[in-house]
1. Among all residue pairs at least 6 apart or on different chains, which show Cβ distances below 7 Å where the first residue, located in the stretch 111-126, is β-branched (Val, Ile, Thr) and the second is crowded, with 24+ Cβ neighbours inside 10 Å and not in a helix (DSSP H, G or I)?
2. How many residues are of a type in the set (Val, Ile, Thr) and more than 19 Å from the chain's Cα centre (by Cα) if we restrict to the stretch 156-213?
3. With (1) at pLDDT 95 or above; (2) within 12 Å of the ligand (Cβ to nearest atom) as the list, and Pro75 as the residue in question, which single condition is left unmet?
4. Does Ala62 satisfy the condition of being closer than 25 Å to Leu309 by Cβ, at pLDDT 95 or above, surrounded by 15 or more Cβ atoms within 10 Å (Cβ to Cβ) and touching a His at 6+ places or on another chain (Cβ under 6 Å)?
5. Of the residues Phe169, Phe207, which single one is within 15 Å of the ligand (Cβ to nearest atom), assigned to a loop (DSSP other than H, G, I, E, B) and touching a residue at least 24 places away in the same chain (Cβ under 8 Å)?
6. Please go through the stretch 282-303 and give me each residue that is out of contact with any helix residue (DSSP H, G or I) (no Cβ under 7 Å at 6 or more places or on another chain) and over 22 Å from Arg238 (Cα atoms), ordered by number.
7. For the stretch 180-204, which positions are among the small types (Gly, Ala, Ser), under 18 Å from Ala118 (Cβ atoms) and near the ligand (Cβ under 9 Å from one of its atoms)?
8. Can you pull out every residue in the stretch 42-59 that is within 17 Å of Ala305 (Cβ to Cβ) and within 19 Å of the chain's Cα centre (by Cα)?
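The values are calculated or read from the model by the stated rules, or taken from the named source; none is laboratory data. Note that the structure is predicted; figures quoted are calculated from it, not measured. Neighbour counts are summed over all protein chains in view; Cβ atoms, including those assigned to glycine, are modelled from backbone coordinates with ideal geometry.
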Amino acid sequence: MTLILKRSDVESVLTMKDCMAAVEQAFRELSEGTAILPLRTAISPPDGLSLYMPAYLKQMGALACKVVTVYKNNPSKYNMPTTIGKVLLQDPATGNVICIMDGGYLTAVRTGAASGVATQYLARRQEGQVAGIFGAGVQAKMQLWALSEARKLSKALVYDVSEEALKKFIAEMGPKLNLDIIPASSAVELMKADILVTATSSANPLFDGNAVREGTHINGIGSHSPNARELDTAIVKRSKFVGDSYEASFKEAGDFMIPLTTGEIQKEHFYAELGELITGKKAGRVNDREITLFKSNGLAIQDAATAKLVYEKALAAGIGQNLEI
Ligand SMILES: NC(=O)c1ccc[n+]([C@@H]2O[C@H](COP(=O)([O-])OP(=O)(O)OC[C@H]3O[C@@H](n4cnc5c(N)ncnc54)[C@H](O)[C@@H]3O)[C@@H](O)[C@H]2O)c1
């Protein structure tokens, strides 16, 4: 039997706190060498892009593959979303696909969870810090949720070029997180924040890296192609740079690759993978003055760990539809 889980099923069982614990364990496995993580495979049919993201986590017993498609004409032509994702979860003992679940909400939560874990290891410890969020879209919402799990925030400042997106963000996330969320009228206003997140669709730097205050922690989760970046050279140079994986960052992260190509930083500027902080191989933040930066490219281990968690919770709650395929 294969369990089918709709988006609403995934939403009903998946919390940020649990997802952060699962994602932390996944990064630990990556660092300890018990994860198998091929780079994502891309196929480009005429109208779009199809990505295949497989991963295996030995200790967690999670074997999965996410299929994500990006079809820009979907909304106008078919009244369907641009990005569609589904996760196939397998039984590592038999290889059988035991669950197929919607991947949209799962992706946003697992992306938030990686930033939440990075924030726990890299942000200053003080209570009452201010979050500054660039972007008010799908990912940005889950990013703020994750920050509020990682640190006790006093308020959040949010900036988006779309006023409509900003309004929706505040209406949804204010009550959900019971947090004061203030719309910012410019990127400069966000420089007052202690913890910054960049979660936009921009291919160009969002702010002047020289304006960032000492002690700030940044999670950069948007742009993930060699020629696109949300972060300028100045902030990358000023930061202790932590990535989700060396391999993905050197292949996909324009934020790192652009200054590397121009010779403004060297390879050694990549300080650590997130898993190396979790396993204690390398130290996270060492004082209150340094600027720390986590670059997230998005790894299939996050999907596999989260899908396993969702499956187990769905079984326990008796939700979903069982099908003989
Ligand atoms: N790292 C990961 O694991 C991961 C996972 C999923 C998505 N992403 C990436 O995250 C980014 C955001 O995805 P999303 O699903 O939230 O998209 P979205 O379209 O829902 O939201 C993006 C928002 O960015 C805003 N924006 C664009 N340019 C801006 C600028 N210069 N300043 C401020 N706001 C700006 C847009 O108006 C929009 O509201 C994309 O680049 C996506 O590819 C990363």
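1. If the second residue must be crowded, with 24+ Cβ neighbours inside 10 Å and not in a helix (DSSP H, G or I), the pairs left are Thr111/Ile221; Thr111/Ser296; Thr119/Ile195; Thr119/His217; Thr119/Asn219.
2. Step one: of the stretch 156-213, the residues of a type in the set (Val, Ile, Thr) are 158, 161, 170, 181-182, 188, 195, 197-198, 200, 212.
Within this subset, residues satisfying the condition of being more than 19 Å from the chain's Cα centre (by Cα) are 161, 170, 181-182, 188, 212.
Number satisfying all stated conditions: 6.
3. (1)
4. Numbers: closer than 25 Å to Leu309 by Cβ: yes; at pLDDT 95 or above: yes; surrounded by 15 or more Cβ atoms within 10 Å (Cβ to Cβ): yes; touching a His at 6+ places or on another chain (Cβ under 6 Å): no.
Criteria not met by Ala62.
5. Numbers: Phe169 fails: assigned to a loop (DSSP other than H, G, I, E, B).
Exactly one residue qualifies, and that residue is Phe207.
6. Of everything in the stretch 282-303, just one residue is out of contact with any helix residue (DSSP H, G or I) (no Cβ under 7 Å at 6 or more places or on another chain) and over 22 Å from Arg238 (Cα atoms), namely Ala300.
7. First, pick out the residues of the stretch 180-204 that are among the small types (Gly, Ala, Ser): 184-187, 193, 199, 201-203.
Remaining after also requiring under 18 Å from Ala118 (Cβ atoms): 193, 199.
Within the stretch 180-204, just Ala199 meets the criteria.
8. Pass one, the stretch 42-59, residues within 17 Å of Ala305 (Cβ to Cβ): 53-59.
Once the filter is applied, which keeps residues that are within 17 Å of Ala305 (Cβ to Cβ) and within 19 Å of the chain's Cα centre (by Cα), the stretch 42-59 yields Met53, Pro54, Ala55, Tyr56, Leu57.
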